[in-house]
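Notes follow the structure.
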Amino acid sequence: MSLDACHGEDRRAPDVEAAILRLARDEPELGQAAVSARLRRDGLAVSPSGVRYIWQKHDLETTVKRLRAIAQASREGVATLTDTQRGLLERGALAAQLVAGDAATDGEPLDRRQVILDAAAALFAEQGYDSTSIRDIASRVGLLPGSIYHYFASKDELYLAVHGEGFRRLMAAVAEALTGASDPWERLTRVCQAHIAAITSGSYIDRVTGHSLAMTGNPELFARIRPMREAYENVYRGLIDALPLAPDVDRSLLRLTVLSVLNWVHVWYREGRRSTDEIAAAVVDMLRRGVESPGVASKPPSSF
């Protein structure tokens, strides 16, 4: 059935359809009324219901579907979306899970606790622990605030649960990365690769665990996270203790330097240039071999 037959208002249905699809790609957040108004200003008369007809024809009737279509059509995937669009996509996916009730797409029971954890991690990453409320988290997943307390006794407990899950995942990723590796430099490289991959392209839980550990003004809460953090840092202590280093190298300072570098990659990393594995390997190589050109005589530091 054609657009003309449905709405009787446009004699240039192919032009209208192409224009609607163009806006779905270029400005996916626009609603059907806004698209209709935009096209009318451009001389293409179509009603909001006519816009929705075309969206439904192409399975694009929601913002989430339009964003997902953009990501699927791009070689960069979700990285082609803006931060705001990625947030909309993730919120829509969470809401869809909850609306689906107790049955997930694979037939397994829906883990609402995990959905809440994912939403909380996203908000902690976006706006920090102190600026996030239980009401914010409930709103993101389409629940009443009281429903969150059925799964978590407080925001503190939810924050700790996010980090507990994140460190569990990181430790599992590290164990897998070390499988089959015996050379100490290769072992350090593999662990760094797993860490950078988690905080740049993993879930919000992975990202919060990696780089938001101190982003709270609550020292008591931070103290409760510290044992999880130290258990993970002990992996790096062991790896760096095994390296064949010069006698005067401060291994503790080297460990802190490595972790600081890894945790800041998410700030400047952009997909498309170097892969996360290449970045990690380059970081370890610079630490191992230095950056000064061979044969260049060292000059004393200049005075200030």
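Values as computed for the structure displayed
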item	result
Flag for residue 67 being within 26 Å of the chain's Cα centre (by Cα) and not in a helix (DSSP H, G or I)	no
Only one of 258, 284, 267 that is over 18 Å from residue 186 (Cβ atoms) and among the β-branched types (Val, Ile, Thr)	267
So residue 74, is it more than 26 Å from residue 269 (Cα to Cα) and either surrounded by fewer than 19 Cβ atoms within 10 Å (Cβ to Cβ) or more than 31 Å from the chain's Cα centre (by Cα) (or both)	no
Test: residue in segment 7-17 that is within 29 Å of residue 82 (Cβ to Cβ) and modelled with pLDDT of 85 or more	yes
Neighbours by Cβ (under 8 Å, 6+ apart or cross-chain): first from segment 159-176, under 13 Å from residue 202 (Cβ atoms); second outside any helix (DSSP H, G or I) and not acidic (Asp, Glu)	169/202
Flag for residue 95 being among the aliphatic types (A, V, I, L, M), touching a Gly at 6+ places or on another chain (Cβ under 6 Å) and at pLDDT 75 or above	no
Selection within segment 32-51 - charged (D, E, K, R) and within 12 Å of residue 16 (Cα to Cα)	38, 40, 42
The one condition in (1) more than 22 Å from the chain's Cα centre (by Cα); (2) within 22 Å of residue 209 (Cβ to Cβ) that residue 290 fails to fulfil	(2)
Qualifying residue in segment 145-156 (condition: under 21 Å from residue 203 (Cβ atoms), within 21 Å of the chain's Cα centre (by Cα), among the aromatic types (Phe, Trp, Tyr) and at pLDDT 90 or above)	no
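The values are calculated or read from the model by the stated rules, or taken from the named source; none is laboratory data. This one's a predicted model, so the numbers in the text were calculated from it and none came from an experiment. For neighbour counting, all protein chains shown are included, and Cβ atoms are generated from backbone atoms with ideal geometry for every residue, glycine included.
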